[in-house]
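**Student:** Below: one structure in structure tokens.
The values are calculated or read from the model by the stated rules, or taken from the named source; none is laboratory data. A quick note: this is a predicted structure, and the numbers were derived from the prediction, not measured. Reconstructed Cβ throughout: ideal geometry from the backbone, glycine too, with neighbour counts over all protein chains shown. Areas reflect the complete protein model, heavy atoms only, side chains present, ligands, DNA and RNA absent. Shrake-Rupley method; radii C 1.70, N 1.55, O 1.52, S 1.80 Å.
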Amino acid sequence: MSYRAKRELLAQTAPRYQEAGHQQKSVILDEFVAATGYARKYAIRLLTSPVAAPRPAITRSRERRYGPEVQAALRLA
């Protein structure tokens, strides 16, 4: 499961987990751990904390330092 898919599942599961009772939380937690592969304590920490909004992709403003000739030579090395 990709990181993005895990975050989408977290966004869907966290509100349901926070409103659930003790027994329901255990079931939701078991399902979340099985789907994501996270450790149980880490999953609890994720589900109880506020879900952060996804960050935008990083854009690089500077140009490449080396030209195509140097890049080709580096690939050979």
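**Student:** Residues in region 56-69: is at least one open to solvent by 100 Å² or more (accessible area, probe 1.4 Å), part of a helix (DSSP H, G or I) and under 21 Å from residue 2 (Cα atoms)?
**Tutor:** Pass one, region 56-69, residues open to solvent by 100 Å² or more (accessible area, probe 1.4 Å): 56, 58-66, 69.
Remaining after also requiring part of a helix (DSSP H, G or I): 69.
In the following step, the residues that additionally are under 21 Å from residue 2 (Cα atoms) were identified as none.
No, region 56-69 has no match at all.
**Student:** Now for a different question. Look through region 23-55, keep the residues that are open to solvent by 80 Å² or more (accessible area, probe 1.4 Å) and basic (Lys, Arg), and return whichever of them is nearest to the chain's Cα centre (by Cα).
**Tutor:** Once the filter is applied, the top-ranked residue is 55.
**Student:** Which pairs have Cβ atoms under 9 Å, sit 6 or more apart or on different chains, and link a residue in region 19-34 that is closer than 18 Å to residue 6 by Cα to one that is among the basic types (Lys, Arg) and assigned to a helix (DSSP H, G or I)?
**Tutor:** 28/16; 29/40; 30/40; 33/40
**Student:** In region 1-22, which residue that is open to solvent by 50 Å² or more (accessible area, probe 1.4 Å) and assigned to a loop (DSSP other than H, G, I, E, B) is modelled with the lowest pLDDT?
**Tutor:** The qualifying residue modelled with the lowest pLDDT is 1.
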